[in-house]
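*Asks:* Quick one: structure below, then a few questions.
The values are calculated or read from the model by the stated rules, or taken from the named source; none is laboratory data. Note that the coordinates shown come from a computational prediction; the quantities given were computed from them, not determined experimentally. Cβ atoms come from the backbone with ideal geometry, glycine included; neighbour counts cover every protein chain shown.
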Amino acid sequence: MADDYDAIVLGAGHNGLILAAYLARAGLRVVALERKAVAGGGLSTMEDPRHPGFLHNTHAFFQRGVTTMPWFLDLELARHGIEVIEPELNVLLLTEDGRTLEWWTDFSRTVDSFAAFSKRDAGTLRRWHDDFVPIVTNILRPEAASPPLPPAERRALLQRTAEGRLLLETSALSPLEFVKREFENPTVQAGLLFFNGLREVDLRLPGFGHHIPALLAASGKAQMSKGGSAALARALEGALRKAGGEIRLMTTPRRLVVEGGRVTGVETVDGEIIRARHLVASSLNPQQTFLELLDPAHLPAAVRERAAAFQYNLLAPLFALNLALGEPPRYSAAAGRPELDRAFMVIMGLDHVDRFGEIVRHHEAGTIPPTVMWGASPTVFDPSQAPPGRHTAFMWEKLPYRLEGDPANWDRAREAHGRTMLQLWQKHAPNLADAVVDSFTRSPLDVERSLPNMREGDLLIGAYANDQVGYHRPFPGAGHYRGHLPGLYLCGSSSHPGGNITGLPGYNAAQVVLADLGIKADWAPPPIAERLARL
Ligand SMILES: Cc1cc2nc3c(=O)[nH]c(=O)nc-3n(C[C@H](O)[C@H](O)[C@H](O)COP(=O)(O)OP(=O)(O)OC[C@H]3O[C@@H](n4cnc5c(N)ncnc54)[C@H](O)[C@@H]3O)c2cc1C
């Protein structure tokens with residue numbers, strides 16, 4: 001039976017699972033091959049082996065607007081057991097002098113918080129929010145959930161409307177230029193850049209200024225899965241299996257089988273050949289897909305060079321400090337305002353916009369910058385992630401992959417750096433001095449070890465520089481989810497619109513694959529060119 005699949009998906013992270021689920025629902029016989037013992041990729045929750053009952057989310061935790069994603073609804077994930085929580089105080093920035101900058105799901109409360117730093121900035125925030133709501137609704141969200149257009153065609157369509165022109169004008173700037181041009185207060189600038197930019201793109205890059213107002217205007221706020229991030233993966237698995245799809249764990253491909261010029265299957269490292277009548281779709285990175293899995297005889301020089309040149313984000317690697325706790329962090333800033341202890345994402349160490357320049361310089365030098373970190377205490381919102389009355393919490397920091405020039409240095413530096421982070425955390429939440437039951441750290445090297453597709457620890461699986469955006473992601477010629485050989489498709493974060501738990505690379509790949517097979521997809525949105533032309 002193993003030789004009569006219609007489609008094979010490489011990697012059972014959320015993008016691979018989403019593509020596989022749509023194909024299975026369309027009646028194809030699908031299998032997803034996953035090298036690990038558990039599916040989900042970055043949607044990973046592990047139980048602390050030393051302290052049973054404490055659950056830690058070792059990769060993705062904040063799921064931005066996941067319930068608003070089209071696949072969340074199409075695949076009926078709520079029926080597969082997922083419950084999503086969206087805390088009202090969505091993001092809280094704590095300054096060294098005890099002030100707070102707050103993002104609420106209620107936008108007017110966010111504006112009030114900004115006004116305490118600068119009335120002018122609060123007005124600017126509201127204006128950009130209002131200007132960008134229609135841009136996000138009519139342009140950016142539909143674009144993210146569609147196979148991308150060639151840049152010249154996109155530009156021509158956008159230039160026809162005032163909304164499109166404002167988007168083009170804003171995106172010509174870098175996030176740093178946008179924020180410095182529009183806002184005056186350095187803490188507001190820092191907060192906006194962090195929340196809207198630092199986690200996504202290199203703030204110096206022109207082409208991304210629109211990220212700041214777009215994220216202000218987005219309806220989808222930070223959310224979490226009840227039971228841990230892996231609960232979302234379990235729901236996706238449930239949807240896939242219900243549609244008749246399969247997952248084979250601990251199955252690593254050695255090479256793609258190419259016959260008669262088309263990709264017809266996969267040979268595993270155990271020597272098994274698994275055949276696919278129609279296609280193999282890879283959610284892995286371009287180096288894995290093209291350089292490691294394809295015989296050079298099937299790899300034209302131009303494709304080889306482009307795959308080899310695929311770049312990773314200098315600023316994306318994360319270092320994590322994870323805590324098992326007797327009680328949740330109690331922040332000094334919450335002394336007179338208890339609602340602050342129910343903040344979801346908490347940011348510390350980021351008082352001034354100039355910290356970004358320092359962070360970039362340290363990343364380039366491979367050294368550790370002064371600590372800027374953010375994280376959460378999941379159990380404040382979901383007690384099921386720890387034994388009764390107990391808690392978990394974590395902080396992340398952007399740190400260079402090549403520490404002192406070599407990622408291997410992380411294995412000796414990791415624990416000491418975790419202590420540095422804990423010191424800063426205790427300054428803001430003094431009760432942590434006595435509340436820690438256990439702790440562990442994970443470095444950018446550990447990230448790559450557990451998910452080798454996150455090369456150089458890049459959790460977005462590919463920079464947004466080097467022309468690796470939209471129609472040209474991962475590289476010119478492969479930006480529409482199709483490889484250079486018939487039967488080869490791409491469906492992971494190295495494709496448009498990129499990394500994070502959006503599921504949209506898998507969703508978009510499903511549109512392309514089913515269209516190529518001539519299978520009608522009732523759920524698919526109208527072509528993006530048509531939608532933009534109608535504006
Ligand atoms: C520390 C950390 C924190 C993060 N926090 C967030 C967050 O809060 N919010 C957010 O949105 N995103 C976050 N991310 C990013 C997010 O996890 C990724 O962008 C996302 O998981 C990418 O999804 P994917 O399906 O494309 O790839 P992945 O989730 O990486 O899935 C790829 C799958 O392929 C498998 N695989 C790899 N190589 C092979 C192979 N050779 N053969 C077979 N299978 C293979 C992997 O095991 C994995 O299961 C974080 C990542 C890290 C590391």
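*Asks:* Can you spot a residue in segment 96-111 that is within 16 Å of the ligand (Cβ to nearest atom), of a type outside the set (S, T, N, Q), touching a residue at least 40 places away in the same chain (Cβ under 8 Å) and in contact with an Asp or Glu (Cβ under 9 Å, 6 or more places away or on another chain)?
*Replies:* So far as segment 96-111 goes, no, none of its residues is within 16 Å of the ligand (Cβ to nearest atom), of a type outside the set (S, T, N, Q), touching a residue at least 40 places away in the same chain (Cβ under 8 Å) and in contact with an Asp or Glu (Cβ under 9 Å, 6 or more places away or on another chain).
*Asks:* Which numbered condition in (1) away from the ligand (no atom under 16 Å from the Cβ); (2) touching a Cys at 6+ places or on another chain (Cβ under 6 Å); (3) not polar (S, T, N, Q) is the only one that A281 fails?
*Replies:* Only one criterion is unmet by A281, namely (1).
*Asks:* May I pose another question? Looking at segment 169-200, which of its residues are touching a residue at least 60 places away in the same chain (Cβ under 8 Å) and either of a type in the set (D, E, K, R) or more than 18 Å from E358 (Cβ to Cβ) (or both)?
*Replies:* Result: K180, F183, E184, N185, V188, F195, E200.
*Asks:* Something else: Specify the residue that is nearest to P328 (Cα to Cα); the eligible residues are those in segment 424-456 that are among the acidic types (D, E) and within 11 Å of the ligand (Cβ to nearest atom).
*Replies:* D446
*Asks:* Could you tell me which numbered condition M224 fails, if it satisfies all but one of (1) in a loop (DSSP other than H, G, I, E, B); (2) touching a residue at least 24 places away in the same chain (Cβ under 8 Å)?
*Replies:* Single failed check for M224: (1).
*Asks:* Looking at S219 and the list (1) within 15 Å of the ligand (Cβ to nearest atom); (2) of a type in the set (S, T, N, Q); (3) surrounded by fewer than 24 Cβ atoms within 10 Å (Cβ to Cβ), which single condition is not satisfied?
*Replies:* For S219, the failing item is (1).
*Asks:* Can you find even one residue in segment 487-498 that is surrounded by 18 or more Cβ atoms within 10 Å (Cβ to Cβ), over 30 Å from D411 (Cα atoms) and away from the ligand (no atom under 16 Å from the Cβ)?
*Replies:* yes
*Asks:* Go through segment 503-525 and count every residue that is part of a helix (DSSP H, G or I), surrounded by fewer than 24 Cβ atoms within 10 Å (Cβ to Cβ) and in contact with a Ser or Thr (Cβ under 8 Å, 6 or more places away or on another chain).
*Replies:* Adding up the residues that qualify gives 1.
*Asks:* Checking the structure you have, find out if any residue of segment 457-475 is in contact with a helix residue (DSSP H, G or I) (Cβ under 7 Å, 6 or more places away or on another chain) and among the aromatic types (F, W, Y).
*Replies:* Yes; the residues of segment 457-475 include at least one that is in contact with a helix residue (DSSP H, G or I) (Cβ under 7 Å, 6 or more places away or on another chain) and among the aromatic types (F, W, Y).
*Asks:* Taking interchain pairs and intrachain pairs at least six residues apart, which have beta carbon atoms under 8 angstrom, with the first residue in segment 114-140 and closer than 17 Å to H210 by Cβ and the second not in a helix (DSSP H, G or I) and not aromatic (F, W, Y)?
*Replies:* That search, which allows pairs on different chains as well, returns F132/H210; I135/H210; V136/A218; V136/S219; N138/L535; I139/L535; L140/H210.
*Asks:* Kindly evaluate A307 against the criterion of being touching a residue at least 60 places away in the same chain (Cβ under 8 Å), out of contact with any Gly (no Cβ under 7 Å at 6 or more places or on another chain) and aliphatic (A, V, I, L, M).
*Replies:* The answer is yes for A307.
*Asks:* I would also like to ask the following. Can you find even one residue in segment 485-500 that is aliphatic (A, V, I, L, M) and free of Cβ contacts under 8 Å to residues at least 40 places away in the same chain?
*Replies:* no
*Asks:* Continuing with the same structure: Is it true that A243 is at pLDDT 95 or above, crowded, with 23+ Cβ neighbours inside 10 Å and of a type outside the set (S, T, Y)?
*Replies:* No, not satisfied.
*Asks:* Checking G375 against (1) under 21 Å from the mean Cα position of the chain (by Cα); (2) part of a helix (DSSP H, G or I); (3) small (G, A, S): exactly one of these is not met. Which one?
*Replies:* (2)
To keep it simple, each residue is scored yes or no on (1) within 15 Å of the chain's Cα centre (by Cα); (2) not β-branched (V, I, T).
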site	(1), (2)
G11	no, yes
G16	yes, yes
A24	no, yes
K36	no, yes
R64	yes, yes
I85	no, no
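*Asks:* Quick test for you: out of D131, D97, pick the one residue that is farther than 24 Å from S494 by Cα and at pLDDT below 95.
*Replies:* D97
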